[in-house]
Amino acid sequence: MRTLRLVIALVAALAVVAALGAVGCGSSSDTTSTPPATTSPATSSGIIGLMTIEGGAAPGNPQPMSGVQIEVRGGGEAGQIVETAESSADGTFTVNLPPGRYTVVPVALGDEAVLPASVTVHPGKWAHVSVGFSVR
């Protein structure tokens with residue numbers, strides 16, 4: 001039964017990764033797209049992201065992770081927090097932002113290594129980014 005659950009989780013994770021890959025999601029990609037359908041017309045730029053965890057029981061195989069607090073900081077990793085979000089059940093998150101340079105940082109839950117990403121948001125565009133945790 002445990003193996004079946006693991007196979008189902010793996011298939012679901014691969015489907016999410018494949019779907020995000022199809023729209024250009026990458027580690028610190030400045031790839032842009034049109035805004036998601038839930039965005040208000042007044043906001044026309046921001047970040048579409050995927051939160052993953054890798055290592056531990058599945059080395060080399062990042063898995064989407066839900067319920068993680070995500071901080072968006074102006075400039076570098078030590079910059080001021082300008083927005084926050086939480087990753088959804090499939091590991092995705094969306095943050096409406098004005099154009100600029102940002103660093104996306106997942107908030108660590110324990111002793112896992114944080115894998116942040118820097119990204120530039122252009123006017124009228126949505127930047128794609130992957131962030132995550134790495135466990136030993």
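The values are calculated or read from the model by the stated rules, or taken from the named source; none is laboratory data. These numbers come from a predicted model, not from an experiment. As a convention, Cβ positions derive from the backbone with ideal geometry for all residues, glycine included, and neighbour counts pool all protein chains shown.
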Quiz item: Going by the structure shown, is residue 47 among the hydrophobic types (A, V, I, L, M, F, W, C), in contact with a Leu (Cβ under 9 Å, 6 or more places away or on another chain) and modelled with pLDDT of 80 or more?
Solution: yes
Practice problem: Could you grab the pairs with beta carbons closer than 9 Å, sequence gap of 6+ or different chains, first residue in the range 119-136 and in contact (Cβ under 8 Å) with a residue 40 or more places away in the chain and among the basic types (Lys, Arg), second one assigned to a strand (DSSP E or B) and surrounded by fewer than 22 Cβ atoms within 10 Å (Cβ to Cβ)? | Solution: 125/32; 125/33; 136/55; 136/113
Practice problem: Out of 117, 78, report the one residue that is of a type outside the set (Lys, Arg) and touching a strand residue (DSSP E or B) at 6+ places or on another chain (Cβ under 6 Å). | Solution: 117
Quiz item: Has the range 64-77 got any residue that is touching a helix residue (DSSP H, G or I) at 6+ places or on another chain (Cβ under 6 Å) and either at pLDDT 95 or above or surrounded by 14 or more Cβ atoms within 10 Å (Cβ to Cβ) (or both)?
Solution: yes
Quiz prompt | Meets criteria (touching a helix residue (DSSP H, G or I) at 6+ places or on another chain (Cβ under 9 Å), modelled with pLDDT of 95 or more and surrounded by fewer than 22 Cβ atoms within 10 Å (Cβ to Cβ)) for residue 92 | solution = yes
Quiz prompt | Cβ pairs under 6 Å, 6+ apart, first in the range 98-118 and in contact (Cβ under 8 Å) with a residue 40 or more places away in the chain, second part of a strand (DSSP E or B) and aromatic (Phe, Trp, Tyr) | solution = 112/133
Quiz item: How many residues, within the range 113-136, are in a loop (DSSP other than H, G, I, E, B) and within 16 Å of residue 84 (Cβ to Cβ)?
Solution: 1
